[in-house]
Amino acid sequence: MDAVSKPGPRNLITDVARLKVGNAQDDVLKSGSTVLTADQPFTASVHVMGGAPGTRETDLLAPDRTVTQVDALVLSGGSGFGLDAGSGVADTLRDMGRGYAIGDIHVPIVPGAIVFDLINGGDKAWVDNPYRALGRQALLNASADFDIGSVGGGTGALAAMQKGGLGSASLVLPNGTTVGALVVINPLGSVTTPGDRHFWAAPFEVDAEFGAAGPDPGTGYVSPEASRKEQAMMLQATDGANTTIAIVATDASLTKTQCHRLAVTAHDGIARAIVPAHTPHDGDLVFGVATGSETGVDRFAMRDIGAAAAICLSRAIARGVYAATPAPGDIIPTYQMMNEG
């Protein structure tokens, strides 16, 4: 990938043509949902590397399945309850006349994934599942401009050492192709090196987008620190309260099979930004999306797009954590609280 690649005008996944993102959250619940959509269906696939995923309609995204395009993707809090956000999105798309046509019927295709944020200081004593309404509202809020940090699906997310969040980043390649990433950061691992100041993703930072602390000058970090999240939740890693879920996208004309390869390659971005990653107790998952035609690109273009997607995802992870904000009842601090002064 050429060194003159640079972020798009928003430095968000919506720098990719046609894409929109909407967030909805409940600050008392300390949870929410994020929806990625477009005015027309887009090509998508998925790859899972974590051992404990929570998903909706991801089987149909395998390269050999019949359906090649989807109407929206959902990243939600709420663990298994949060999968209902996809139902709210599907209901709303149906009201809009959207969906896969079968005779006179339209069935919106809305895959999704969730993170566990049920123990984070929020009030989870609901009577009716709130996530269907959150999904609907997130879709209605969809726009080219959106916030990152403690919003949407990242509202109640927690990394090992500080609050997680919703992150996004983009790159425009020298040939004009745009690549972007969107991620909810709620991992078992840490996004910062020991000491909480330096991001593992620091070598990929552009224009001080997550504080310009730079790479950690230390070496020999071969064992993880004790997790503040686990201590605050009074859980062990084996309880499975962790996951990083992401979408990487491009305006290039990828086939569904190439979208799958894009998702596979982008997992490198998680591994470079979170240590450890892809554990048996995370549900790490990446959706690969293309808004161009399905004609395909050659292997050299695919190489550059995949490399850019992984870098965008690393940057998006650090940006989401850097942008996280404190809220009443938080059980661990934000990155900026720990680095004040």
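The values are calculated or read from the model by the stated rules, or taken from the named source; none is laboratory data. Note that this is a predicted model, so its numbers are computed, not measured. Reconstructed Cβ throughout: ideal geometry from the backbone, glycine too, with neighbour counts over all protein chains shown. Heads up: the accessible areas ignore ligands, DNA and RNA and are worked out on the full protein's heavy atoms, side chains in. Shrake-Rupley method; radii C 1.70, N 1.55, O 1.52, S 1.80 Å.
The stretch between residue 232 and residue 298, if pulled fully straight at 0.36 nm per residue, gains 18.9 nm over its current Cα-Cα span. Could you give the accessible area per residue of the chain, probe 1.4 Å, as a whole number in Å²? Normalised by residue count, the accessible surface of the chain is 39 Å². Ligands, DNA and RNA left out, the accessible area of segment 42-86 computed with a 1.4 Å probe is 50% carbon and sulfur. Accessible area of residue 338 (1.4 Å probe, protein heavy atoms only, ligands and nucleic acids ignored): about 50 Å². Comparing 64, 26, 117 in a Gaussian network model of the chain where C-alpha atoms under 10 Å apart are linked, the largest mean-square fluctuation is found at 64. Mean-square fluctuations from a GNM of the chain, with a 10 angstrom spring cutoff on Cα atoms, peak among 222, 191, 264 at 222.
Across segment 82-99, coupling constants 3J(HN,Hα) worked out from phi with the 6.51/-1.76/1.60 Karplus curve, θ = phi - 60°, read x, 4, 5, 4, x, 5, x, 5, 5, 4, 5, 4, 4, 4, 7, x, 8, x Hz, and Gly and Pro carry x. Only Lys, Arg, Asp and Glu carry charge here, each on its Cβ (+1 for the first two, -1 for the last two); on that basis segment 1-104 has a dipole of about 280 debye about its Cα centre.
For residue 229, the lysines whose Cα comes closer than 30 Å to its Cα, not counting residues fewer than 8 places off in the same chain, are 30, 124, 163. Here the Gaussian network model covers the chain, with springs between Cα atoms less than 10 Å apart; of 218, 164, 195, 218 fluctuates the most.
Segment 287-321 and segment 3-43 have their alpha-carbon centroids 14 Å apart.
Along segment 127-133 the Karplus relation, 6.51 cos²θ - 1.76 cosθ + 1.60 evaluated at θ = phi - 60°, assigns HN-Hα couplings of 9, 9, 3, x, 6, 4, 5 Hz to successive residues, with x for each Gly and Pro. What does DSSP give for the chain in terms of the percent of beta bridges that are antiparallel, rounded to the nearest 5? Of the beta bridges lying entirely in the chain, close to 85 percent run antiparallel. Across the options 86, 106, 74, the greatest Cα extent toward the positive end of the charge dipole of segment 1-120 (unit charges at beta carbon of Lys, Arg, Asp, Glu) belongs to 74.
Across the protein chains, with a 1.4 Å probe defining accessible surface, the residues 291, 255 rank 255, 291 from largest area downward.
Rounded to the nearest 20, the Cβ-based charge dipole of the chain about its Cα centre (Lys and Arg +1, Asp and Glu -1) stands at 260 debye. Straight-line cross-link reach from residue 20 at under 19 Å between alpha-carbon atoms covers no lysines, not counting any fewer than eight positions away in the same chain. In the chain, helical runs assigned H by DSSP with n ≥ 4 each contribute -39500 (n - 2.57); averaged across all residues and rounded to the nearest 500, the mean residue ellipticity at 222 nm is -7000 deg cm²/dmol. Backbone amide hydrogens, once placed in the peptide plane, bring residue 54 within less than 5 Å of 114, excluding anything fewer than 5 places away on its chain.
Annotation for segment 61-109 versus segment 116-141: alpha-carbon center distance of 18 Å.
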